[in-house]
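Any read-out appearing in this document is the output of simple, stated calculations on the displayed coordinates, not a laboratory observation. These figures come from a predicted structure and were not determined experimentally. Ideal geometry is used to build each Cβ from the backbone, glycine not excepted, and the neighbour counts take in all protein chains shown.
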Amino acid sequence: MWEGDRVVGGCGLHPRIGPGGLEIGFWVHPERTRRGYATEAARRLVATAFAQPGIERVEIHHHPANEASGRVAAALGFTLAAEDATERIWRLTRPG
């Protein structure tokens, strides 16, 4: 993620959740949070994931204390699929 010529965050798709799924990971520099960078990056990664054949679900995993990541997931239509003391898992399935 860039703001002009400055890196303000990073993001990616990771195949660690098994066949048919990809996990979105992202981070934003603390001085650049609450500006929509993570939401826009995750939105683009969802589109990229579902453009790949065989991908039926996308997930966002985060620690329960990281409420901002949960807000990103909820804003993009993900539903909370599982949670425990150390992790929340949000899931979005392929439309249609």
For this session: Identify, among CYS11, ALA49, SER69, the residue whose Cα sits farthest towards the positive end of the charge dipole of the chain, taking +1 on the Cβ of Lys and Arg and -1 on the Cβ of Asp and Glu, with the dipole about the Cα centre.
Result: ALA49
Exercise. On a 0 to 90 degree scale, rounded to 10, what angle separates helix 37-50 from the longest Cα axis of the chain?
Worked result: 30
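When the convex hull of the Cα atoms of the chain is projected onto a plane and the area is averaged over all directions, what value comes out in nm²?
6.5
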Problem set entry | Cα-centre dipole for the range 42-96 with unit charges at Cβ (Lys and Arg positive, Asp and Glu negative), debye to 20 | 300
Exercise. If you take the beta carbon distance between ALA82 and TRP27 as r and set R0 to 30 Å, what does 1/(1 + (r/R0)^6) give as a FRET efficiency, to the nearest 0.05?
Worked result: 0.85
Exercise. Roughly how many debye, to the nearest 20, is the charge dipole of the chain about its Cα centre, given +1 on each Lys and Arg Cβ, -1 on each Asp and Glu Cβ, and no other charges?
Worked result: 240
Exercise. On full extension of the chain, what length is gained from ALA74 through ARG94, given 0.36 nm per residue of separation minus the C-alpha to C-alpha distance?
Worked result: 5.6 nm
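Fully extended, how many nm does the chain gain between GLU3 and ALA51 (0.36 nm per residue separation, minus their Cα-Cα distance)?
Full extension from GLU3 to ALA51 adds 14.6 nm.
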